[in-house]
2 protein chains.
Amino acid sequence: MSRSGAELALLLLGGYRSLVDGAIAELSARGHHGVRPVHDFAMRAIAAGADNASELGRRLSVSKQAAAKTIAVLFERGYVERGPDPDDGRRKRITVTALGWEVMREGEAIFDELRQAWQHRLGAREFAEFEARLAALVGDATVRPESAGWVAHELDEG
Amino acid sequence: MSRSGAELALLLLGGYRSLVDGAIAELSARGHHGVRPVHDFAMRAIAAGADNASELGRRLSVSKQAAAKTIAVLFERGYVERGPDPDDGRRKRITVTALGWEVMREGEAIFDELRQAWQHRLGAREFAEFEARLAALVGDATVRPESAGWVAHELDEG
DNA sequence: AGACATGGACAACCATGTTGTCTATCGTCG
DNA sequence: CGACGATAGACAACATGGTTGTCCATGTCT
């Protein structure tokens, strides 16, 4: 086989970008503009209990200041709301709004549709083998929330 | 299969990161610290004829100013040299140094070793199928030099 | 010769991260 | 109860790697 290791890496990156760019384009077409993977990561972490800046920073492995900036963006877009924490006067509790949940739901559905399309292109059995081998190679625990920061860049436009 | 489309995307990203982080770590172990994918992209483009800032910017789909900054980094590290262009007084011609070529050669070898390791983990036939299917899904033309900018971020440390 | 295009340098700005500092509040311990 | 250390969040300064805009020197074309 003449393919080099570097080409393999680029194929994997290309696959990721293809899915993410497709999802972002489709989200945009459905009225949600400028959504980036980090927004989804952050909203899910907030919904899962990281409902203040410091905790969100820890979950996403970024500084609390960076998390606060992300929250500010989500707030501007109407994806989250801020309120006082009844139990702790220092904290400001973050909650995901209905709009935020909608974006997460739509994004999930779009990714599933893209996966379906891939499945059709390859055939069910071949695709299942492909996915199983990919999982075997990468391992399910490899991509952790730390990647949220990384995937934040340059995914807005094709 | 219960895997979601988003998980598929994360697996692809995880695979890419796994290879790239491995390559960067191994390059570091061999004495080349802080190499990032964009350095390799840029050096290859320079070697392939994009030997001035404006042309490099065009090849990498970034502004000539951004290309000039990248060249400045490569120059600081001793990977490229700058000289006047005998045919055009405006241009400053960039050439890859012996050190730059060494980094490219080592990087290539390391990626090939990582691919070999994957091949062993899966078995030759299964890996060939996997790679062929990945290529079929992604398409060989998907990842173009435009991605150089994107892969520039946050790959220094695991 | 003169008009226009191009290469490169410089400055200002943007986005997203970092560290450091400060204040308010919490929790614990004497 | 009160004091002290730890934590939450705001604010400022900075790093990195992009962008645009402007400028001058040089090349190219008519």
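The values are calculated or read from the model by the stated rules, or taken from the named source; none is laboratory data. Because the structure is a prediction, the values reported are computed rather than measured. Neighbour counts are summed over all protein chains in view; Cβ atoms, including those assigned to glycine, are modelled from backbone coordinates with ideal geometry. Protein only, heavy atoms only, side chains kept; ligands, DNA and RNA dropped before computing areas. Shrake-Rupley method; radii C 1.70, N 1.55, O 1.52, S 1.80 Å.
Accessible area of residue A:101 (1.4 Å probe, protein heavy atoms only, ligands and nucleic acids ignored): about 120 Å². Leaving ligands and nucleic acids aside, the A/B contact buries around 4800 square angstrom of accessible area in total at a 1.4 Å probe radius. Across identical copies of the chain, residue A:83 has label-point separations of 7.0 nm, listed in ascending order, with the point defined 7 angstrom from Cα along Cα→Cβ. Restricting the calculation to Cα atoms, the protein assembly as shown yields a radius of gyration followed by a Dmax of 21.5, 73 Å. Computed over the stretch A:5-150, the range of Cα coordinates on each principal axis works out to 55, 31, 23 Å, biggest value leading. Label-point distances for residue A:25 to the equivalent site in the other copies, using a point 7 angstrom along Cα→C-beta, read 3.5 nm when ranked shortest first. With label points set 7 Å from Cα along Cα→Cβ, the inter-copy distances at residue A:99 are 5.1 nm, sorted shortest first. Remark: relative contact order (the stretch B:28-150) = 25 percent; criterion is Cα-Cα distance under 8 angstrom and separation of 6 or more residues. My understanding is that a pair violates if its Cα-Cα distance is over 32 Å; which of A:69/B:69; A:69/B:92; A:69/B:64 do that in this structure? In this structure, A:69/B:92 exceed 32 Å between Cα atoms.
Atom-type composition of the exposed protein surface of the stretch A:1-144 places 51 percent of the accessible area on carbon and sulfur (1.4 angstrom probe). Heavy-atom accessible surface of chain A, averaged per residue, reaches 50 Å², computed with a 1.4 Å probe.
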